[in-house]
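Chemist: Dropping a structure here in structure tokens format, bear with me for questions.
The values are calculated or read from the model by the stated rules, or taken from the named source; none is laboratory data. What you see is a predicted model, and the numbers here were worked out from it, not measured in a lab. Backbone-built Cβ (ideal geometry, glycine too); neighbour counts: all protein chains shown. Surface accessibility is based on the protein's heavy atoms, side chains included, excluding ligands, DNA and RNA. Shrake-Rupley method; radii C 1.70, N 1.55, O 1.52, S 1.80 Å.
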Amino acid sequence: MSNTVIEFNNVTKRYGSLTAVDAVTLSVAQGEYFALLGPNGAGKTTLVKMMLDFTRPTSGTISVNGISSTNTACRNAIGYLAENHRMPPHLSGRQYLQRCAELCGFSRREAAEQCDRSIERVGMREKEHSKASSYSKGMIQRFGLASALVGNAKLLILDEPTAGLDPIGIREMRLLLESLKGQGMTILLSSHLLSEVEKICDTAAIINKGKLMVKDSISSIIRDGETLEAVFVRLVKGLT
Amino acid sequence: MNLQKAHNPILSILKYTLADEIQHKSFIVLFLICAAFVFLTRGCYNDNFVMNGQVLNAQAIGWFVSKASFHVIAAAVTLIAALLSMRIFRRDRDEGIQSCILAKPIARWQYVAAKTLGLWMLSLLFMLVLHSIILFITLLNTKTAIFSFLFASLLCSSNLLFVILAVLFLSLLLPEVIAFLCILGVSIVSYIGDGIYAASHSQMAQAMVHQPQGYEQSLTWWQVVYYLWPKLSAVQQWATALISGETFRWTGLVHPLVNVLLYCLLMAFLLFMRFEREDIV
Ligand SMILES: Nc1ncnc2c1ncn2[C@@H]1O[C@H](COP(=O)(O)OP(=O)(O)OP(=O)(O)O)[C@@H](O)[C@H]1O
Ligand SMILES: [Mg+2]
């Protein structure tokens, strides 16, 4: 568990006068299930987007698997589920996943196998041939997760993966992520569902207004019988 | 991972771009309307026309109509290419295609290159099919096959490339409709400029305006602009001149094709640089 997969080194991101991420330094080890917590507008999505080079940091550096985030090679074997995941409405879930797998470099046949596996994993077999325009938000989210799993990813970056899922979906998501544990998978997930995070993740970082408030193992963050929620509220309210 | 040896993301994205565009109903409708219009020119080949008391034979009329149709199609497809390009980035962003592609080990330039190539191939195909219809109609009516038509069509595809690159670039900076109108303006000015230039250099105009000696040497600012302007119209005229084997005299610093290709390079450079700085959502 000592190999560092993700490393933020003094990363700052400014949008004009607004500092979305403020001198954040943190690292995620291989095999770790890491939760990025924080209130709305804290800068979680901004951190995630900088990791994928979707937006560049104003200062500081980020590396993934030891490669700078500005290098395309660092995105090898990353599975990404975007906050409010979207799909082309004219494609079926299966066609979408097929494209995702082919873009990862799989041949048509291999891609089809990958699709089968991940459709099964997210329980979307029934809907795989319907057009995305007919999907509910939760279905799109499930296909989004399937697309993150499709390329044999070793690192999953999930930005609010449970958004739009029903309680059963949330539970299935948790079971799925738990089943990936022990396969060497590293997961970074941003979420507002603290009770779920408590069950799945090993480590959490709480950020507020772009600043890293705490980063520790969940068991160390929760002291004296406090819940994660209580710590979260105390840290976030304490500042404001 | 058992990955394909020669996996080329550009080819994959290009394939998806073509598939996505062709499945749009508006694209199919546009194509059918254009094809129907082209078929309508068939009527022009049938009769002998009388002009200034002279009877023009079908052959001459056929040639004239073919060349005129060539021009109209080339200009119309340029417009269509601009229309197709103006929404492409926004649609990809809204449908999550950009973030899906760029979260993979695919460089931004590869994405942009694939999109540009896809649009260019699509509009070129559009133009080639329409030009082939004209070729076919001419063949049926005048029994002459002008295969140089297709070569001329390929030459005009440089205009398509310029328009696509320019609209893609401007759509990153401006609202899409404004980007489209800007390039429409550039194209129109190119056609009008050539028209005015041709008129002002016609023998009649020369005779009407008694120019003092040495007038030709001093360049006015609008002449400089005219020489440097993207020569979309001149490329088309050159292409039609090739069809009929006429000699083509160009104005400007460089040959119109070189002019347009240089503009393509400039636009491609600006587009790639700008897209590198784009925030992906
Ligand atoms: N493109 C942008 N331009 C300007 N400001 C931005 C941009 N993107 C994000 N911000 C600002 O940066 C801050 C952090 O936003 P971010 O999306 O990272 O928050 P978040 O932690 O993901 O919030 P949420 O829980 O609501 O998803 C916010 O104040 C937001 O308004
Ligand atoms: Mg967010």
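Chemist: Run down A:R86, A:R94, A:R117, A:R142 and say which single residue is within 16 Å of ligand 1 (Cβ to nearest atom) and open to solvent by 40 Å² or more (accessible area, probe 1.4 Å). It would help to see each step written out before you state the result.
Modeler: Details: A:R94 fails: within 16 Å of ligand 1 (Cβ to nearest atom); A:R117 fails: within 16 Å of ligand 1 (Cβ to nearest atom); A:R142 fails: within 16 Å of ligand 1 (Cβ to nearest atom).
None of the other options fit; the residue is A:R86.
Chemist: Can you find even one residue in segment A:146-161 that is part of a loop (DSSP other than H, G, I, E, B), in contact with a Gly (Cβ under 9 Å, 6 or more places away or on another chain), away from chain B (no Cβ under 13 Å) and within 16 Å of ligand 1 (Cβ to nearest atom)?
Modeler: yes
Chemist: Kindly provide the set of residues from segment A:198-217 that are open to solvent by less than 50 Å² (accessible area, probe 1.4 Å) and under 19 Å from A:V24 (Cβ atoms), ordered by number.
Modeler: A:C201, A:T203, A:A204, A:A205, A:I206, A:I207, A:N208, A:G210, A:V214, A:S217
Chemist: Let me ask something else. Quick one: is A:A29 at the interface with chain B (Cβ under 8 Å from one of its Cβ atoms) and under 24 Å from A:T203 (Cα atoms)? Break it down into steps so the answer makes sense when it comes.
Modeler: On the way: at the interface with chain B (Cβ under 8 Å from one of its Cβ atoms): no; under 24 Å from A:T203 (Cα atoms): yes.
Judged against the criteria, A:A29 is not a match.
Chemist: Here is a further query. For segment A:3-49, give me every one of the strands (runs of 3 or more DSSP E) that falls completely inside it and has 2 or more residues that are hydroxyl-bearing (S, T, Y), open to solvent by 20 Å² or more (accessible area, probe 1.4 Å) and more than 9 Å from ligand 1 (Cβ to nearest atom). If you could, list the steps in order and put the result at the bottom.
Modeler: On the way: elements: A:4-15, A:18-29, A:33-37.
Here the list reads A:18-29.
Chemist: Quick one: would you say A:L188 is touching a residue at least 24 places away in the same chain (Cβ under 8 Å), open to solvent by 50 Å² or more (accessible area, probe 1.4 Å) and within 16 Å of ligand 2 (Cβ to nearest atom)? Spell out the reasoning first.
Modeler: Numbers: touching a residue at least 24 places away in the same chain (Cβ under 8 Å): yes; open to solvent by 50 Å² or more (accessible area, probe 1.4 Å): no; within 16 Å of ligand 2 (Cβ to nearest atom): yes.
The answer is no for A:L188.
Chemist: Now for a separate question. Only one of (1) without any contact (Cβ under 8 Å) to a residue 40 or more places away in the chain; (2) in a helix (DSSP H, G or I) is not met by B:L172, so which one is it?
Modeler: Unmet for B:L172, out of (1) without any contact (Cβ under 8 Å) to a residue 40 or more places away in the chain; (2) in a helix (DSSP H, G or I): (1).
Chemist: A further question follows. Select, from A:E83, A:E7, A:E32, the only residue that is within 13 Å of the chain's Cα centre (by Cα), away from ligand 2 (no atom under 16 Å from the Cβ), under 19 Å from A:I187 (Cα atoms) and among the acidic types (D, E).
Modeler: On the way: A:E83 fails: away from ligand 2 (no atom under 16 Å from the Cβ); A:E7 fails: within 13 Å of the chain's Cα centre (by Cα).
One residue alone meets the criteria, A:E32.
Chemist: Let me ask you something else. Which one is farthest from ligand 2 (Cβ to nearest atom) among residues in segment A:161-175 that are open to solvent by 20 Å² or more (accessible area, probe 1.4 Å) and under 14 Å from A:Y33 (Cβ atoms)?
Modeler: A:L175
Chemist: Filter segment B:86-129 for residues that are among the β-branched types (V, I, T) and either at the interface with another protein chain (Cβ under 7 Å from one of its Cβ atoms) or within 17 Å of B:E176 (Cβ to Cβ) (or both) and give the result.
Modeler: Result: B:I88, B:I97, B:I101, B:I106, B:V112, B:T116.
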